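K.L.:
Structure incoming, see below.
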Amino acid sequence: MKLDDSVQQFRMRFGKVVRKYRESKKLSQEELADICELHRTYISDIERGIKAVSINSLLKIAMALEIPPHVLIHEAEDTLKD
């Protein structure tokens, strides 16, 4: 597998993890974006694997979801092994 393919696959899986936690908190994309002070379309793009999340945004999203940032990364990483 090429590096670009691996990066894209990780972004897709990371987005699914973010969506899972957002939905478990019963937050809409807009509500999460408001809490994080990010744009709703950016949250949507992250969840669909279109945008790579920055470190700053990762921290904002994790804080809004009330979980440590590494949990999002590790869960996305673990799904790559499946």
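K.L.:
Any lysines with Cα under 21 Å of the LYS16 Cα? List them, leaving off those in the same chain fewer than 8 positions away.
P.N.:
Of all the lysines, those that pass the test against LYS16 - Cα under 21 Å, at least 8 places apart if same chain - are LYS25, LYS26, LYS51, LYS60, LYS81.
K.L.:
Let me ask something else about it. Rounded, prolate or oblate: pick one for the chain, where a ≥ b ≥ c are the square roots of the eigenvalues of its C-alpha gyration tensor, a/c under 1.5 means rounded, and failing that, prolate if a/b is larger than b/c, else oblate.
P.N.:
prolate
K.L.:
Of the chain, which part is the longest with no GluC sites (Glu not before Pro) in a loop (DSSP not H, G, I, E, B) and with at most 10 other C-beta atoms within 10 angstrom? Don't skip to the end; give the middle numbers.
P.N.:
On the way: sites that count: GLU37, GLU66.
For GluC sites (Glu not before Pro) (loop position, at most 10 other Cβ atoms within 10 Å), the longest site-free span of the chain is 1-36.
K.L.:
I'd like the Karplus ³J(HN,Hα) series for the stretch 17-27: coefficients 6.51, -1.76, 1.60, θ = phi - 60°, whole numbers in Hz, and an x wherever there's a Gly or Pro.
P.N.:
In residue order, the calculated couplings are 5, 4, 4, 4, 5, 4, 5, 5, 8, 6, 9 Hz.
K.L.:
Let me check against my output: what whole-number percent is the relative contact order of the chain, with C-alpha pairs under 8 Å and at least 6 apart?
P.N.:
39 percent
The numbers here are math on the coordinates, done by the rules we state, and not lab data. The structure presented is a predicted model; accordingly, all values stated were derived computationally and were not measured. Reconstructed Cβ throughout: ideal geometry from the backbone, glycine too, with neighbour counts over all protein chains shown.
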